[in-house]
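A short worksheet on the structure shown next.
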């Protein structure tokens with residue numbers, strides 16, 4: 001849950017929740033939404049939109065998060081705001097004090113990394129992505145032009161703050177309204193059985 005100060009334009013995270021459990025996405029997400037709203041003391045009628053990280057990331061986690069965010073946005077009659085997950089990571093790093101070129105690296109599994117490159121924040125406070133996200137074999141990640149940051153978590157607060165800044169600057173949408181998968185899924189539909197008559 002995030003908010004933007006109308007006078008200063010500063011954004012802040014009021015509350016966020018997460019888990020390291022990668023197996024129970026669907027079971028816990030509704031409780032997280034409820035808990036964050038209670039912790040922030042904000043009712044759904046005061047929300048201006050619902051932001052979600054679109055990836056890159058694992059298939060199941062992305063599908064569950066995006067579906068839940070879409071359903072929640074529809075249920076409260078507010079817009080859905082897609083955000084590239086690497087952009088939220090870069091935004092967090094720049095807010096933490098990193099400057100100049102930044103390489104964001106996340107584990108894409110199967111001995112590959114997802115990689116994006118950034119060149120600071122623009123005048124609206126949004127990260128300037130100059131490359132990616134793209135896949136690279138673990139031992140072939142290009143050398144970082146500046147700081148390399150290997151991320152294991154995408155902050156929900158950072159996703160929300162980035163969406164709020166983009167909304168205030170009139171720069172929505174930030175991403176396509178489709179999961180950002182960097183490879184085809186492992187599972188494909190069965191061609192079915194041929195039926196003889």
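Coordinate-derived values only; no laboratory data. Remember, predicted model here, so these are calculated numbers, not experimental data. As a convention, Cβ positions derive from the backbone with ideal geometry for all residues, glycine included, and neighbour counts pool all protein chains shown.
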Choice from 60, 99, 22 with maximal GNM fluctuation in the chain (Cα, 10 Å cutoff): 22
Compactness of the range 30-115 as Cα Rg over 2.2 N^0.38 Å, two decimals: 1.28
Equivalent ellipsoid dimensions for the range 2-168 as semi-axes, Å, which come from the Cα gyration tensor, largest first: 27, 21, 12
Can you pull the one-decimal nm distance between simple spin-label points at residue 19 and residue 63, each 7 Å off the Cα toward Cβ? 1.8
Can you give me the C-alpha center-to-center distance between the range 140-157 and the range 102-132, rounded to a whole angstrom? 6
If I build a Gaussian network model for the chain, linking alpha-carbon pairs within less than 10 angstrom, which residue out of 77, 160, 170 has the largest mean-square fluctuation? 170
With a Förster radius of 35 Å, plug the Cβ-Cβ distance of residue 181 and residue 7 into 1/(1 + (r/R0)^6) and report the FRET value to the nearest 0.05. 0.30
Among 86, 70, 25: highest mean-square fluctuation, GNM of the chain, C-alpha pairs under 10 Å: 25
Sum of -39500 (n - 2.57) over DSSP H runs of 4+, divided by residues of the chain (222 nm, nearest 500): -9500 deg cm²/dmol
Using a/c under 1.5 as the rounded threshold, could you call the range 90-197 rounded, prolate or oblate? The axes a ≥ b ≥ c are square roots of the C-alpha gyration tensor eigenvalues, and prolate needs a/b larger than b/c, oblate otherwise. oblate
